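The values are calculated or read from the model by the stated rules, or taken from the named source; none is laboratory data. Note that this is a predicted model, so its numbers are computed, not measured. Glycine also receives a Cβ, built like all others from the backbone with ideal geometry; neighbour counts cover every protein chain displayed.
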Amino acid sequence: MPAAARAARYDLIAGHVNANGPVLLAHTRDDVAETFLMRLARGSGVDGLARMKADWQDRGQRWLRPFLEVERAALRDWLSKRGIAWVEDPTNEDQSYERARVRAGLRDLGIDSTRIADTSARLASAREVLRRFAQDAARDICRTCAGDVIFDWSKWAGLPEETRFRLFAHALRWITSATYRPRQSSVVQALDELDNAGTTTLAGCLITLKKDEVRVTREYAAVRDLRVPLGEVWDGRWRLAPAKSLHDKGLEVAALGPEGLGQRPDWRDTGLPRRTLLSTPALWRGDTLVAAPLAGQLENASAELVHPWGDFFASLLSH
């Protein structure tokens, strides 16, 4: 619930501000300490314990947290002296919420939030090192194809466990545009299943091991019922552009699926696996397939990967 509420707040803010200017958020050093303890209780690793980002892009907007080194009381005092009003979130003191309980616990125990926040900041530095190492490793053992991420399994075992987890989890998030990556325990279980059975699913992705390659692709079941009007981004990362001669009234973008693939008897000429093509975008008018760009039917439309995070490799440093 808190995560959904936070996402809704960010959606509302992004929809009401000038996209040319940044949004300033009032998170303070106390928020850093509280978040650290909450995530520590959940068993989070370096990324979860690292200090929250101070500057990032999301929802077409730049977001800043300029007060991460400032105590909450000091910020309130500064605002009060200048006659600047603010609104308190009523859940801040509601003990039914985890953050309120952690906040009260810090006060009752007299724990200095500064040291916790400093530790979180140092972990943020460590996170950057791990991200860059993972990016270098990805360039050596990964490639992307038709929106999939493909790993060289023969080089996989030689990577540190932390890097393997980071790369695999990032591939899942990049393919699905998910806000959060799966829990480490779920990733470990999926990798065990992959090693034993050669295939598994996780977080809306299908993962297969074949000929010393691991291919992470979008699971067809996750996009089977997803339809958008032509011109809109489909599945958070694909846009189809129709041919100029094509009348676009009534056209929708949806997964190619088995029905569409059955109308493309030459799909094997693309060199792409069937499991990949099933979840690729196609252009439909009702039940009639009009274009399947990734399955070789290119005359009526083209497909472009317009991922909001950008390139898979570059996004390892930002997501």
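For this structure, a couple of remarks:
- Residues that are surrounded by fewer than 17 Cβ atoms within 10 Å (Cβ to Cβ) and of a type in the set (A, V, I, L, M, F, W, C) within segment 154-172 comprise just one, Ala157.
- Applying a threshold of 7 Å to beta carbon distances and a minimum spacing of six or more residues, or different chains, the list of pairs starting in segment 69-93 at a residue that is in the same structural domain as Arg115 (by TED's automatic domain parsing) and ending at one that is outside any helix (DSSP H, G or I) reads Val70/Thr28; Glu71/Thr28; Arg72/Thr28; Leu75/Ala26; Leu75/Thr28; Leu75/Phe67; Leu79/Trp86; Thr91/Tyr97.
- Looking across segment 287-306, the residues that are touching a residue at least 60 places away in the same chain (Cβ under 8 Å) and not small (Gly, Ala, Ser) come down to Leu294, Glu304, Leu305, Val306.
- Every listed requirement among (1) at pLDDT below 95; (2) outside any helix (DSSP H, G or I); (3) touching a helix residue (DSSP H, G or I) at 6+ places or on another chain (Cβ under 6 Å) is met by Arg166 save one, (2).
- Each residue in segment 170-197 was checked for being among the basic types (Lys, Arg) and either in contact with a Lys or Arg (Cβ under 8 Å, 6 or more places away or on another chain) or within 26 Å of Pro281 (Cβ to Cβ) (or both), and 2 pass.
- Contact annotation: residue pairs with Cβ atoms under 6 Å, 6 or more positions apart or on different chains, pairing a residue in segment 29-58 that is more than 12 Å from Ala124 (Cβ to Cβ) with a partner that is of a type in the set (Ser, Thr, Tyr), are Arg29/Ser113; Asp30/Ser113; Ala33/Ser113.
- Among all residues of segment 81-97, there is at least one that is of a type in the set (Ser, Thr, Tyr) and in a loop (DSSP other than H, G, I, E, B).
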